[in-house]
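Since the structure comes first, as C-alpha cells, the remarks are kept for the end.
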Amino acid sequence: MADSPAPPPSTPTAAETAGQLRLAEQLLLAHVENTPLVVTEWDHEGRLSRWNAQAERVFGWAAAEVLGTKLLDCPFVLEENRELAERLRADAAAGQARSVVTVANRTRAGALVWCEWYNSVLHDAAGRPSVLSLALDITERRATAEALALSQARVRTALDGAKMLAWDLDLVADRWETSADIPDFYGIERGPDYTSPEQALRAVHPDDVETVLAGRRRAIETGEPMRYTFRGRVPTPDGRPRWFSTRGQVLRDGAGRVVRIVAVTSDVTERKRAEEERETLNRQLQDAQRWESLGVLAGGVAHDFNNILTVVLGSAGLARRGLLPGSPAVNYLDQIEQACRRAAEVCRQMLAYAGRAHGSGTRTDLPALVRESAPLLDIPAAHATVRLDLDDPLPPVRADPAQVRQVLVNLVTNAAEATGRAGEVVVRAHAAEVPEGTSDADLQLAPPPGRYVVLTVTDRGPGMSPEVRARMFDPFFTTKFAGRGLGLAAVLGIVRTHKGGIRVSTAPGLGTTVSVYWPAAHDPAPDASVPVPAAPPTVAALVIDDEMFVREVTASTLEEMGFAALLAADGPSGLDLFVRHRDVIKVVVVDVMMPGMTGDEVVLALRRTAPTVPVVLVSGFTERRLLKSLGPRTEFLQKPFHPEDLMAVVRRLISEC
C-alpha cells in the first residue's frame, strides 16, 4: 500500500503568533539589558525613548530621569558637543542611514567618559524616522592608548636625542618598522620604500653592506646578541664618513623559528672621531717620545763629534800654515779638511733632527726663496719636472733661509725619486690659519694654532703604505738602499725647531703630498743692517773649554793672531783667570756645553764686571738663541770650525772696541 502524503503544516493561530512575538521581544529586551553596549533610541520627535541598564551603569542616570528628554537637553551631552549632536540629528532627518562618532560624555558624578557612538536610522510603518544608538565605553582603552602614545613619544624623543634608531624587522613578512624617519636619520634621499629591508640597505655604505648582512646572519645562526658597526652611504657635511653601531636580538616563535630582529642603531660618528683623534694624539705622543730619545742620542753624538772634528780641522789648518809652498802634504791636508766638512754636515743634520739647529730666524719671503732655489731643484737622476705654483704675496716667515732651503731640496728630491722619469713634482706655497683644537690623522707634527705659510710638495708616485708612512722620518730609513742619511729626519727636526708642523697625505697608488707649516712673522722688518768694521790688533785671549784638545787648537789659532792664550777647563777657573788678568784679556772664547757651569752662565758672570768684553760662544749645537740674553759684542761660532772662521769672528769683535 502506498504511503499517504504528509499533511500540510498548520497555520499558527493569532494567539500563537502573538506569543512568539512576545517571546522574541523578551529575548531582545534581555539582550538589550545585558549587553555591554549602551543602547538608546530616539523617536521621530527626537526624544529619548530607550535607555538600557548599561546606559544607567555608564552614565549614572536612571531611565525614568532621562526618558522623554530631547537630545540637546540630555545631561550627558557636553556643551562643546551640542553642535555635533545637532548636526547628527539633522543628518538622520535628512536620511543618512548610519554614522559613527567618538566623543566625551558627562556622567552623573561629573566625570568624563569617552564613548564610540554607532547610530542607525530606522523608519516605522508610517515612514517616520527614529535613531537607534549603540555606544561603547572606551575610556580605559583611550587612556591606555594615550599612555602608550606618550610613552612612545618619550622613547622617540630619547632616541632622537641620543641619535639612535630603534627598529623591528619582521623576517616572515620581510618588512620593518622604525622609530624615526629613515631618510632623516641617515641623511639619504627620499622616494624609495624604506619599509623594505632591501631598500633600507641603501642607507649603508656599499663597502659595508656585507658587514651588515653578515652581522645579521651570525645572530640568526648562533642566537647571540647582534653587534656590528658600519659607515653610512652619505658622509657628513665636511666630507668625512658617518659611523653607525647596531645592537639587537633575534626573536623566535614557539617552534624555535626565527621570526623577528629587534635592535637599536646609534649614530657614533662623534665617538668615532673622538677615538680617531685620541689615537692620533697617542701616536703623536709616542712619536714625540721617540723623537726626544733619538734627538738626545743624536745631539750627544753630534756634540762629541763636533769637538773631535774641531780638533782635526783646527790642527789641519794650523799644520798648513807651517808647510812650505808646494809641499806634497798640502793635498793630504785638503782631503782631511774636506772629510771634516762632510762629517760636519752630517753632524749638522743630526743636530737638525735633534731639534738643536737654531737658525738665524730672519724674516724670509718663502715664494722668493723657492724661486731662487729653482736651480737646486733639478734632480738629474730622476728626470722629473718641477712645477712651481706659488701664491704671491704671502706673509714673511720667521725662519733660517738655509734651513728652509734644506727642507725644500730634501722634499723635492724624495718626490722626484718617487715620481721617476717623465713625472711631475708640484711645489706650492699658500697662507693658512690653524684654529684651536685642530686634529688630523695625517699630521706628522701638529702645528700650534696661528697663521702659517704652507710649503707643499706633491708627487704622483706610487704613494706609501701605512707602515712606510709611519717610518718615513726615522733616521737612515729608506725603501731604496741603505745609508741614505738624515734627509727627512733633518726636515722633521728643522720644522720642530721652528715650531711649525708637517702634514703627510699619501696612499698606495695615489702619490704623496707633504705640507710644511712655517709660522708667519708678526714683527716688523728691520730698517737697516749694522756694518761690520775691520779688526784691530790684539793683546791676550781667554779660552774656556772642557775638551783639552779643543782648548789647545783654539789657543794655537789665537796665538797665530798674536794673542797670549790663557786656558781654563771649566767656568769657575776661567772666571778666576779673567779676574787676575782682566787688564790684558781682550777677547774670551768659551764653550757653551760644559759640566757644572755652562758657557752662557760664564758670560753672564763676566758681563757683571766687564759688560763690553768681546765674547765668542762656541758649541756643536746652534745656540744663537742665547745671544739676545748675553748682551752686545757676543757672537756665536758653531763647531767644528776652521781656524780662519775663528780668526774672522775675533777680528770682527775686536774692531768694535
Looking at the stretch 637-657, I want the residues that are surrounded by fewer than 21 Cβ atoms within 10 Å (Cβ to Cβ) and have a partner that is part of a helix (DSSP H, G or I) and of a type in the set (Val, Ile, Thr) with Cβ atoms under 6 Å, at least 6 apart or on another chain. Which pairs are those?
Leu637/Val649
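Only one of Arg233, Arg240, Arg283 is closer than 22 Å to Pro183 by Cβ and exposed (fewer than 15 other Cβ atoms within 10 Å of the Cβ). Can you tell me which?
Numbers: Arg233 fails: exposed (fewer than 15 other Cβ atoms within 10 Å of the Cβ); Arg283 fails: closer than 22 Å to Pro183 by Cβ.
Every option except Arg240 fails the conditions.
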In the stretch 620-636, residue modelled with the lowest pLDDT [restricted to those that are buried (at least 17 other Cβ atoms within 10 Å of the Cβ) and either at positive phi or part of a helix (DSSP H, G or I) (or both)]:
Arg624
Just checking, how many residues over the stretch 173-211 are touching a residue at least 12 places away in the same chain (Cβ under 8 Å) and either on the phi > 0 side of the Ramachandran plot or part of a loop (DSSP other than H, G, I, E, B) (or both)?
9
For Val312, are the conditions met, namely being at pLDDT 75 or above and farther than 30 Å from Pro183 by Cα?
yes
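Table: residues versus (1) in contact with an Asp or Glu (Cβ under 7 Å, 6 or more places away or on another chain); (2) surrounded by fewer than 21 Cβ atoms within 10 Å (Cβ to Cβ); (3) at pLDDT 80 or above.
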residue	(1), (2), (3)
Asp391	no, yes, yes
Gln403	no, no, yes
Leu408	no, no, yes
Val412	no, no, yes
Glu424	no, yes, yes
Glu436	no, yes, no
Val454	no, no, yes
Within the stretch 203-230, how many residues turn out to be surrounded by fewer than 17 Cβ atoms within 10 Å (Cβ to Cβ) and more than 22 Å from the chain's Cα centre (by Cα)?
15
What number of residues in the stretch 46-68 are part of a helix (DSSP H, G or I) and of a type outside the set (Gly, Ala, Ser)?
7
Glu559 passes all but one of (1) more than 55 Å from the chain's Cα centre (by Cα); (2) surrounded by fewer than 23 Cβ atoms within 10 Å (Cβ to Cβ); (3) modelled with pLDDT of 85 or more; which number fails?
(3)
If Val514 meets every condition in (1) over 26 Å from the mean Cα position of the chain (by Cα); (2) modelled with pLDDT of 80 or more apart from one, which number is that one?
(1)
Exception for Arg290 within (1) at pLDDT 75 or above; (2) among the basic types (Lys, Arg); (3) surrounded by fewer than 18 Cβ atoms within 10 Å (Cβ to Cβ); (4) assigned to a helix (DSSP H, G or I) falls at (1)
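The values are calculated or read from the model by the stated rules, or taken from the named source; none is laboratory data. The model shown is predicted, which means the values in this text are computed figures rather than measured ones. Cβ atoms come from the backbone with ideal geometry, glycine included; neighbour counts cover every protein chain shown.
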